[in-house]
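The values are calculated or read from the model by the stated rules, or taken from the named source; none is laboratory data. Source: prediction; values computed, not measured. Reconstructed Cβ throughout: ideal geometry from the backbone, glycine too, with neighbour counts over all protein chains shown. Side chains included, ligands, DNA and RNA excluded: accessible areas come from the protein's heavy atoms. Shrake-Rupley method; radii C 1.70, N 1.55, O 1.52, S 1.80 Å.
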Amino acid sequence: MKNLDSLIRTYYDFPRKGIAFKDILGIIQDTEVFRELILKMSSNKIIKSSEAIISIEARGFIFGSAISLQASKPMIVARKPGKLPGELLEENYYLEYGKSSLSIQKESLMRFSSYAIVDDLLATGGTIDCVANLIRRGGKKVCGSVSVVELMELNGRSRLKFPVESMMQI
Ligand code: AMP
(Lines give C-alpha, C1' and ligand atoms only; values in the text may rest on other atoms or scores of the structure.)
Protein backbone atom coordinates (compact mmCIF):
# COMPACT_ATOMS: atom_id res chain seq x y z
CA MET A 1 0.00 0.00 0.00
CA LYS A 2 1.27 3.42 -1.02
CA ASN A 3 3.29 5.23 1.66
CA LEU A 4 1.85 3.35 4.66
CA ASP A 5 5.24 2.56 6.22
CA SER A 6 6.52 6.13 5.84
CA LEU A 7 3.55 7.35 7.91
CA ILE A 8 4.35 5.06 10.86
CA ARG A 9 6.88 6.44 13.34
CA THR A 10 8.79 4.38 15.91
CA TYR A 11 9.36 5.72 19.43
CA TYR A 12 11.84 3.68 21.46
CA ASP A 13 11.33 3.00 25.18
CA PHE A 14 7.69 4.17 25.10
CA PRO A 15 5.49 3.64 27.09
CA ARG A 16 8.05 1.46 28.92
CA LYS A 17 11.76 0.75 28.53
CA GLY A 18 12.37 -1.92 25.88
CA ILE A 19 9.21 -1.22 23.86
CA ALA A 20 9.47 0.07 20.28
CA PHE A 21 6.15 1.91 20.05
CA LYS A 22 4.67 2.21 16.55
CA ASP A 23 2.77 5.49 16.27
CA ILE A 24 0.25 4.92 13.48
CA LEU A 25 -1.58 8.26 13.83
CA GLY A 26 0.32 9.71 10.84
CA ILE A 27 -1.93 7.54 8.64
CA ILE A 28 -5.00 9.65 9.40
CA GLN A 29 -3.08 12.81 8.52
CA ASP A 30 -2.84 11.62 4.91
CA THR A 31 -6.41 11.39 3.66
CA GLU A 32 -5.45 9.65 0.41
CA VAL A 33 -3.62 6.83 2.22
CA PHE A 34 -6.28 6.65 4.94
CA ARG A 35 -9.03 6.32 2.30
CA GLU A 36 -7.11 3.62 0.42
CA LEU A 37 -6.50 1.74 3.68
CA ILE A 38 -10.16 1.89 4.73
CA LEU A 39 -11.31 0.68 1.29
CA LYS A 40 -8.89 -2.25 1.52
CA MET A 41 -9.89 -3.18 5.08
CA SER A 42 -13.61 -2.82 4.29
CA SER A 43 -13.40 -5.26 1.38
CA ASN A 44 -11.54 -7.87 3.44
CA LYS A 45 -13.32 -11.23 3.55
CA ILE A 46 -13.37 -11.29 7.37
CA ILE A 47 -15.27 -7.99 7.44
CA LYS A 48 -17.57 -9.12 4.64
CA SER A 49 -18.40 -12.41 6.36
CA SER A 50 -19.35 -10.75 9.67
CA GLU A 51 -22.69 -9.31 10.64
CA ALA A 52 -21.05 -6.55 12.71
CA ILE A 53 -17.69 -5.05 13.69
CA ILE A 54 -16.29 -4.79 17.18
CA SER A 55 -13.56 -2.18 17.58
CA ILE A 56 -11.13 -1.80 20.49
CA GLU A 57 -10.48 1.42 22.45
CA ALA A 58 -8.95 3.72 21.49
CA ARG A 59 -7.10 3.64 18.18
CA GLY A 60 -9.27 0.75 16.99
CA PHE A 61 -12.22 3.15 17.04
CA ILE A 62 -10.63 5.34 14.35
CA PHE A 63 -10.40 2.49 11.87
CA GLY A 64 -13.48 0.57 13.03
CA SER A 65 -15.91 3.44 12.56
CA ALA A 66 -14.61 4.28 9.07
CA ILE A 67 -14.85 0.58 8.06
CA SER A 68 -18.33 0.39 9.56
CA LEU A 69 -19.55 3.19 7.28
CA GLN A 70 -17.73 1.97 4.17
CA ALA A 71 -18.76 -1.69 4.58
CA SER A 72 -22.26 -0.91 5.94
CA LYS A 73 -21.64 -3.07 9.00
CA PRO A 74 -22.89 -1.92 12.40
CA MET A 75 -20.21 -1.40 15.04
CA ILE A 76 -20.07 -2.12 18.76
CA VAL A 77 -17.13 -1.28 21.03
CA ALA A 78 -14.80 -2.93 23.56
CA ARG A 79 -13.73 -0.34 26.13
CA LYS A 80 -11.31 0.09 29.00
CA PRO A 81 -12.52 -0.04 32.65
CA GLY A 82 -15.02 2.52 33.91
CA LYS A 83 -16.14 3.76 30.47
CA LEU A 84 -19.30 1.79 29.65
CA PRO A 85 -22.64 1.94 31.50
CA GLY A 86 -25.09 -0.93 31.91
CA GLU A 87 -24.58 -4.66 32.28
CA LEU A 88 -21.13 -5.66 31.06
CA LEU A 89 -19.05 -8.66 30.13
CA GLU A 90 -15.51 -8.00 31.33
CA GLU A 91 -12.17 -9.78 30.94
CA ASN A 92 -8.56 -9.14 32.00
CA TYR A 93 -5.68 -9.45 29.55
CA TYR A 94 -1.96 -8.84 28.99
CA LEU A 95 -0.68 -6.76 26.10
CA GLU A 96 2.89 -6.12 24.93
CA TYR A 97 3.53 -3.46 27.57
CA GLY A 98 1.18 -4.16 30.42
CA LYS A 99 -2.04 -5.53 31.80
CA SER A 100 -5.59 -4.17 31.56
CA SER A 101 -9.19 -5.22 31.08
CA LEU A 102 -11.85 -4.70 28.43
CA SER A 103 -15.64 -4.63 28.66
CA ILE A 104 -18.53 -4.98 26.22
CA GLN A 105 -22.15 -4.02 26.88
CA LYS A 106 -24.12 -7.28 27.01
CA GLU A 107 -27.09 -5.65 25.33
CA SER A 108 -25.10 -4.47 22.29
CA LEU A 109 -23.32 -7.83 21.89
CA MET A 110 -26.70 -9.60 21.86
CA ARG A 111 -27.87 -7.61 18.80
CA PHE A 112 -25.71 -9.38 16.22
CA SER A 113 -24.65 -12.98 15.63
CA SER A 114 -21.08 -12.73 14.31
CA TYR A 115 -18.24 -10.23 14.70
CA ALA A 116 -15.05 -9.08 12.97
CA ILE A 117 -12.59 -7.61 15.50
CA VAL A 118 -10.84 -4.39 14.38
CA ASP A 119 -7.77 -2.86 16.03
CA ASP A 120 -4.84 -0.69 14.99
CA LEU A 121 -2.00 -3.07 15.78
CA LEU A 122 -1.44 -6.76 16.54
CA ALA A 123 1.53 -7.33 18.89
CA THR A 124 1.34 -10.33 21.30
CA GLY A 125 -2.33 -10.89 20.42
CA GLY A 126 -3.48 -10.55 24.06
CA THR A 127 -5.86 -7.67 23.33
CA ILE A 128 -7.59 -9.28 20.35
CA ASP A 129 -7.73 -12.64 22.17
CA CYS A 130 -9.46 -10.92 25.11
CA VAL A 131 -12.14 -9.49 22.81
CA ALA A 132 -12.61 -12.87 21.12
CA ASN A 133 -13.18 -14.45 24.56
CA LEU A 134 -15.79 -11.81 25.38
CA ILE A 135 -17.61 -12.48 22.10
CA ARG A 136 -17.61 -16.24 22.76
CA ARG A 137 -18.74 -15.76 26.37
CA GLY A 138 -21.74 -13.91 24.94
CA GLY A 139 -22.46 -16.95 22.74
CA LYS A 140 -21.57 -15.18 19.50
CA LYS A 141 -19.27 -16.10 16.60
CA VAL A 142 -15.78 -14.65 16.00
CA CYS A 143 -15.26 -14.29 12.21
CA GLY A 144 -11.65 -13.12 12.66
CA SER A 145 -9.55 -10.02 13.26
CA VAL A 146 -8.35 -7.26 10.95
CA SER A 147 -5.50 -4.96 12.06
CA VAL A 148 -3.65 -2.17 10.30
CA VAL A 149 -0.18 -3.27 11.47
CA GLU A 150 1.22 -6.62 12.66
CA LEU A 151 4.50 -6.93 14.59
CA MET A 152 5.78 -10.18 13.13
CA GLU A 153 8.51 -10.98 15.66
CA LEU A 154 5.94 -11.27 18.46
CA ASN A 155 3.96 -13.88 16.48
CA GLY A 156 0.67 -12.82 18.06
CA ARG A 157 -1.35 -14.61 15.40
CA SER A 158 -0.16 -18.03 16.65
CA ARG A 159 -2.38 -17.74 19.75
CA LEU A 160 -5.47 -16.62 17.82
CA LYS A 161 -7.67 -19.54 16.78
CA PHE A 162 -9.53 -17.74 13.98
CA PRO A 163 -8.64 -15.99 10.69
CA VAL A 164 -6.20 -13.09 11.22
CA GLU A 165 -5.45 -10.37 8.64
CA SER A 166 -3.19 -7.32 8.75
CA MET A 167 -2.64 -4.64 6.12
CA MET A 168 1.06 -4.18 6.89
CA GLN A 169 3.62 -6.48 8.50
CA ILE A 170 6.74 -5.11 10.21
P1 AMP B 1 -1.15 -6.94 22.05
O2 AMP B 1 -2.28 -7.26 22.97
O3 AMP B 1 0.18 -7.23 22.68
O4 AMP B 1 -1.34 -7.55 20.69
O5 AMP B 1 -1.16 -5.36 21.88
C6 AMP B 1 -2.03 -4.75 20.97
C7 AMP B 1 -2.61 -3.48 21.52
O8 AMP B 1 -1.65 -2.72 22.25
C9 AMP B 1 -3.09 -2.59 20.39
O10 AMP B 1 -4.31 -2.01 20.80
C11 AMP B 1 -1.99 -1.55 20.23
O12 AMP B 1 -2.56 -0.26 20.11
C13 AMP B 1 -1.15 -1.64 21.49
N14 AMP B 1 0.26 -1.94 21.23
C15 AMP B 1 0.95 -3.02 21.67
N16 AMP B 1 2.24 -2.96 21.31
C17 AMP B 1 2.37 -1.83 20.61
C18 AMP B 1 3.48 -1.20 19.93
N19 AMP B 1 4.70 -1.75 19.91
N20 AMP B 1 3.25 -0.04 19.29
C21 AMP B 1 2.01 0.52 19.28
N22 AMP B 1 0.94 -0.01 19.89
C23 AMP B 1 1.11 -1.17 20.55
Criterion (in contact (Cβ under 8 Å) with a residue 40 or more places away in the chain, more than 23 Å from Thr10 (Cβ to Cβ), of a type outside the set (Gly, Ala, Ser) and in contact with a Phe, Trp or Tyr (Cβ under 6 Å, 6 or more places away or on another chain)) met by exactly one of Ile135, Ile117, Ile104: Ile135
Test for Ile67: is it within 13 Å of the ligand (Cβ to nearest atom) and within 18 Å of Ser145 (Cα to Cα): no
Number of the exception - Glu87 against (1) buried (at least 19 other Cβ atoms within 10 Å of the Cβ); (2) acidic (Asp, Glu); (3) free of Cβ contacts under 8 Å to residues at least 60 places away in the same chain: (1)
Near pairs, Cβ below 8 angstrom, 6+ apart or cross-chain, from the stretch 149-166 (under 9 Å from Thr124 (Cα atoms) and within 12 Å of the ligand (Cβ to nearest atom)) to any residue that is open to solvent by 20 Å² or more (accessible area, probe 1.4 Å) and assigned to a helix (DSSP H, G or I): Arg159/Asp129
Strands (runs of 3 or more DSSP E) contained entirely in the stretch 8-76, each with at least 1 residues that are free of Cβ contacts under 8 Å to residues at least 24 places away in the same chain: 9-12, 20-23
Any hit, the stretch 123-130, residues being in contact with a helix residue (DSSP H, G or I) (Cβ under 9 Å, 6 or more places away or on another chain) and without any contact (Cβ under 8 Å) to a residue 12 or more places away in the chain: no
Condition broken by Ala58, with the remaining ones in (1) near the ligand (Cβ under 10 Å from one of its atoms); (2) in contact with a Ser or Thr (Cβ under 7 Å, 6 or more places away or on another chain); (3) of a type outside the set (Ser, Thr, Tyr); (4) open to solvent by 20 Å² or more (accessible area, probe 1.4 Å) satisfied: (2)
Whichever residue in the stretch 77-86 is assigned to a loop (DSSP other than H, G, I, E, B) and within 16 Å of the ligand (Cβ to nearest atom) and, among such residues, is nearest to Tyr115 (Cα to Cα): Lys80
Any hit, the stretch 12-31, residues being more than 16 Å from the ligand (Cβ to nearest atom), at pLDDT 95 or above, polar (S, T, N, Q) and under 29 Å from Glu153 (Cα atoms): yes
Per-region count, the stretch 113-163, residues within 23 Å of Leu4 (Cα to Cα), in contact with a Ser or Thr (Cβ under 6 Å, 6 or more places away or on another chain) and open to solvent by less than 20 Å² (accessible area, probe 1.4 Å): 9
